[in-house]
1. When you check residue A:293 against the structure, is it away from chain B (no Cβ under 14 Å), surrounded by fewer than 18 Cβ atoms within 10 Å (Cβ to Cβ) and closer than 22 Å to residue A:84 by Cβ, yes or no?
2. I'd like the full set of residues that are within 14 Å of chain B (Cβ to nearest Cβ) and touching a residue at least 24 places away in the same chain (Cβ under 8 Å), limited to the range A:223-258.
3. Considering B:160, B:188, B:170, which residue is surrounded by 23 or more Cβ atoms within 10 Å (Cβ to Cβ) and among the charged types (D, E, K, R)?
4. Can you work out which of the residues in the range A:233-251 that are of a type outside the set (Gly, Ala, Ser) and under 19 Å from residue B:102 (Cβ atoms) is surrounded by the most Cβ atoms within 10 Å (Cβ to Cβ)?
5. What single numbered condition from (1) closer than 24 Å to residue A:247 by Cβ; (2) surrounded by 21 or more Cβ atoms within 10 Å (Cβ to Cβ) fails to hold for residue B:126?
6. Can you find, within the range A:267-287, the residue that is nearest to the other protein chains (Cβ to nearest Cβ) among those that are surrounded by 22 or more Cβ atoms within 10 Å (Cβ to Cβ), under 22 Å from the mean Cα position of the chain (by Cα) and not β-branched (Val, Ile, Thr)?
7. For the range B:281-383, list the strands (runs of 3 or more DSSP E) that sit wholly inside it and hold at least 1 residues that are under 21 Å from residue B:253 (Cβ atoms) and of a type in the set (Ser, Thr, Tyr); which are they?
8. Being among the hydrophobic types (A, V, I, L, M, F, W, C) and within 21 Å of the chain's Cα centre (by Cα) is the filter; apply it to the range A:185-215 and report the residue that is surrounded by the most Cβ atoms within 10 Å (Cβ to Cβ).
Amino acid sequence: MGELEWQCRLGADLMTTALVDPAPPSPPWRPWGRLRRWLALAGFSGRWAVILPPLLWLLVFFLVPLVVVIKIGFSASIVGQPPYLPLLTFSPQGDVQMTLHLSNFIFLAQDHLYLDAYLSSLKIAAISTVLALFIGYPMAYFIARSPDRLRNMLLMLVILPFWSSFLLRVYAWIGLLKNNGVINNFLGLFHIGPFTLLYTDFAVYLGIVYTYLPFMILPLYTNLVKLDGALLEASADLGAKPFRTFLSVTLPLSLPGIVAGSMLVFIPAIGEYVIPQLLGGPSTLMIGRVLWDEFFTNRDWPVASAVAIAMLVAVVAPLLFLQRAQNAVVER
Amino acid sequence: MLDHPEIAADSRPWRDPAARPFVRIRDVSKKFGDVTAVSGVSLDIYKGELFCLLGGSGSGKSTLLRMLAGFEDLTTGTIEIDGQDMAGVPPYRRPVNMMFQSYALFPHLTVWNNIAYGLKRDHLPRAEIAARVAELLKLVKLEGYEARKPSQLSGGQRQRVALARALAKRPKLLLLDEPLGALDKKLREETQYELVKIQEQTGVTFIVVTHDQEEAMSLSTRIGVMNQGEIAMIGEPHDIYEFPNSRFVAGFIGSVNLFEGVVTEDEDDHVRIRSAEAGGDIYVSHGVDCAPDQVLWWAIRPEKITLTRDRPDAEFAGANLIHGIVEDVVYLGDMSVFQVMLESGKRLRVTKANALRGDPDAIGWDEPVWASWSGNAGSVLTS
């Protein structure tokens with residue numbers, strides 16, 4: 001009796017155990033999950049998938065060429081292939097010897113051509129930026145204040161030149177500006193001129209301002225279009241005439257746009273090569289042209305690299321200044 | 001009794017037909033393309049008033065305000081401020097300042113410079129500007145916030161800076177577009193009283209645009225109710241609530257029970273209206289400008305109706321008494337709202353103040369009740 005009872009209880013126990021604790025379900029097969037776990041163990045996460053491509057891009061197309069240029073800049077020029085001394089030499093004993101030639105930089109400092117070219121580039125870029133600002137600001141303002149439908153069309157017109165090749169457009173200016181070009185022929189109808197327009201500094205300014213104007217207009221437009229109309233009304237309401245309102249409200253609030261636009265014009269303009277080469281005269285001195293001559297005419301790669309490094313430093317300096325100015329504006 | 005300037009709330013100049021209005025709006029219309037935003041508005045506003053333009057969205061109240069400020073041209077009509085025709089006067093030459101709905105504070109300027117902005121435009125001496133700004137900061141209780149930028153302020157603080165900036169030039173007329181609209185409920189109630197206090201202290205004429213009827217009631221000396229670009233009614237808050245002139249005004253301000261009926265008796269001292277909707281007669285104990293058999297409407301506020309379980313003694317020969325069943329009771333703390341289903345199928349809204357705590361005899365759900373009211377409790381509306 002007792003034994004039977006015990007057996008029954010055992011059976012019941014077994015049954016309940018089976019009911020309560022079924023075999024754990026086999027985990028679903030998730031290959032991606034496993035891969036992710038391995039990657040996580042190796043220190044990778046989803047963030048890397050996002051960060052890695054641009055990081056690789058910068059490494060391969062910016063950092064490596066930069067290092068190569070720096071390397072050549074500290075080398076010396078020889079007649080040969082490649083036309084510079086190697087930076088590292090290996091002796092038969094297995095010693096590694098590194099030779100840094102500072103002569104290129106000393107040469108840059110001694111020959112005033114390079115400083116002149118840099119200052120001239122700075123001047124041309126600065127004047128072009130100011131001109132682009134004075135032409136671009138009213139245009140951006142007008143576009144931002146136009147009714148919606150017109151606005152999109154006007155923006156389209158600003159971007160339209162980008163649909164044709166930059167080089168083609170610069171060549172078109174040659175056709176317009178040359179002595180028997182469109183402008184001088186037109187003026188000739190009234191017995192005016194001809195004027196020497198092409199191969200002058202004027203043509204360079206014209207080319208740079210023309211080419212980079214959209215880069216000034218677009219950031220200014222995005223800034224001005226956000227300007228709250230109620231602020232302008234409030235200013236008028238408090239007794240400010242329209243020009244006063246512009247000076248006290250519109251202009252300070254559009255300062256970030258001015259800084260952004262100026263940077264987008266100034267930085268490419270300072271190293272501009274094509275425009276001064278095609279439109280400028282022999283006296284138009286710009287660092288980009290000097291670099292080109294050094295590299296292709298003189299075949300002096302180390303000096304050309306030194307010029308490039310010096311220019312990079314010289315461009316980064318005003319850039320940092322502008323960046324800081326912009327941050328200050330944004331914070332305020 | 002106080003040393004504050006004499007204000008319209010005390011003298012009520014609109015009751016005096018000889019009083020000269022400070023702002024005179026005559027037949028003003030405004031069209032945007034085909035859309036008529038404001039049509040044929042005529043309005044007199046007196047010195048020292050706190051006048052509310054009340055209306056729903058699209059009623060034209062903001063457009064009217066913007067026309068006063070000079071931001072919109074008038075399609076027709078004239079606006080005179082202090083006897084001067086404002087036609088062709090640009091905003092920066094008007095003796096008017098505006099407080100914007102979005103406040104429109106200059107984000108690049110400090111609180112101090114925001115308030116001083118208008119004073120600088122007048123080329124006042126520096127010392128005077130400083131003194132005036134300090135005075136205003138004290139008025140709006142923002143001392144110590146001079147150097148902050150608007151982005152470093154709370155919503156309520158921004159509202160006060162906007163008010164101070166608008167008051168800085170001591171305008172003859174201050175326009176306020178939804179001045180309390182962006183504040184939360186509790187802050188709004190506090191600020192309402194502040195606003196009235198500041199108006200009384202400065203004596204400036206205020207025109208306030210609002211869609212909030214409670215705000216309009218508590219702020220203003222008079223209210224102009226706007227509907228679809230037209231002024232529906234102008235009156236003191238009390239008049240607007242107790243003696244609305246149309247079904248729109250009655251329904252827009254507060255809640256109301258509305259019955260359609262036909263005039264059966266039209267005497268000098270009383271009117272009797274037969275209303276199928278009410279399921280009985282309505283006795284009005286004063287004369288009404290109407291004709292016998294005319295169809296009109298009768299409106300009564302929920303708090304003017306008494307509910308009883310037992311049939312009260314017939315006071316008006318059986319009129320002003322309807323039977324119904326309580327369908328719903330909503331307890332709101334200070335009062336309860338009863339929804340009474342009438343025999344006609346119409347629902348009657350009745351409110352009763354909860355004067356007793358935990359009243360054991362309170363009327364509850366599904367109880368048959370009698371609703372009654374006095375002879376002058378409701379308004380007769382002909383439009």
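The values are calculated or read from the model by the stated rules, or taken from the named source; none is laboratory data. Given the structure is predicted, the values throughout are model-derived calculations rather than measurements. Here the Cβ positions follow ideal geometry from the backbone for every residue, glycine too, while neighbour counts run over all protein chains shown.
1. When the stated conditions are applied, residue A:293 passes them.
2. A:223, A:227, A:250, A:253, A:254, A:255, A:256, A:257, A:258
3. After ruling out the rest, the residue left standing is B:160.
4. Within the range A:233-251, the match that is surrounded by the most Cβ atoms within 10 Å (Cβ to Cβ) is A:238.
5. Unmet condition: (2).
6. A:269
7. B:347-353, B:379-381
8. So the residue we want is A:208.
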